[in-house]
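The values are calculated or read from the model by the stated rules, or taken from the named source; none is laboratory data. Quantities reported herein were computed from a predicted structural model and do not represent experimental measurements. Calculation scope for accessible area: heavy atoms of the full protein, side chains included, ligands and nucleic acids excluded. Shrake-Rupley method; radii C 1.70, N 1.55, O 1.52, S 1.80 Å.
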Amino acid sequence: EHNRNIRYNIPIRMNQIALNPDLAARWRPGLPPARHNEIFASSAEAGGAAMALALALDGMRAEGTDLNSSHDARNILWVQDKAAIRLAGRPYRPGFPPELRARLIHVAAKTPEDALFALEEGLRCRDLAFVIGEITGNPKALGFTVSRRLSVAAEKHGVPLFLIRLDAQRDLSSARMRWQMHSTASPPS
């Protein structure tokens, strides 16, 4: 059985999952998502946002959500602090899956404190399918207490959080799953 309380502090590549049964038992596409995820990524590689969106969509499919259904037209909240917008850019709506383009709500926060406030408020809204946040570095505002508040709000209201930590060092957190994102070269053909 999948244990959501395990913290994943190792970089995982899909080919490693296929070759290592221990990793395959921990996570694989199609498992229900943890409610609070942290993704550590470099702003130069631009992979953190793609991974967050892929995990969120996979989680929705695992819960049986039909993205094309008019019965589940919940919106998506994407919150960025000013530094994240400067480093990674805003979400590119035409790059989203067609069924999600009109459902994106983007919040541009001036400070990490404002972004964390918007994330917590978004997690309390059950009319959201999921929340993605982008915070740059290790701001003092994102301590263990705030991390725990985000986890509790995500668990209580059932709204998954995918917090992208751009150019950040891993520190104390209550996230149920933690990912280290690195781009890798394609295998030779």
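Is the shape of segment 35-189 best called rounded, prolate or oblate, per the rule: a/c under 1.5 gives rounded, else a/b larger than b/c gives prolate, else oblate, with a ≥ b ≥ c the square roots of the Cα gyration tensor eigenvalues? Note, shape of segment 35-189 comes out rounded. Expressed as a whole percent, the accessible area of segment 109-189 that falls on carbon and sulfur atoms is 54 (1.4 Å probe). Accessible area per residue for segment 101-189, computed on protein heavy atoms with a 1.4 Å probe, is 49 Å². As a length-normalised measure over Cα pairs under 8 Å and 6 or more apart, the relative contact order of segment 83-159 settles at 35 percent. Working note: Karplus 6.51/-1.76/1.60 with θ = phi - 60° gives segment 146-163 the couplings 5, 4, 5, 4, 5, 4, 5, 5, 5, 5, 5, 9, x, 9, x, 10, 10, 9 Hz, where Gly and Pro are set to x.
The lysines whose alpha-carbon is closer than 26 Å to the alpha-carbon of Lys82, local same-chain residues fewer than 8 away aside, are Lys110, Lys140. Backbone phi angles across segment 73-87, fed through the Karplus curve with coefficients 6.51, -1.76 and 1.60 (θ = phi - 60°), yield HN-Hα couplings of 10, 5, 7, 10, 9, 10, 10, 10, 7, 4, 5, 5, 5, 5, 7 Hz in residue order; Gly and Pro are listed as x.
In sequence order, segment 105-121 has phi-based couplings of 10, 10, 10, 9, 9, 6, 10, x, 4, 5, 5, 5, 4, 5, 4, 5, 5 Hz under the Karplus curve 6.51 cos²θ - 1.76 cosθ + 1.60, θ = phi - 60°, and Gly or Pro positions carry x. Computed over protein heavy atoms with a 1.4 angstrom probe, the accessible surface ordering of Asp167, Asp127, largest first, is Asp127, Asp167.
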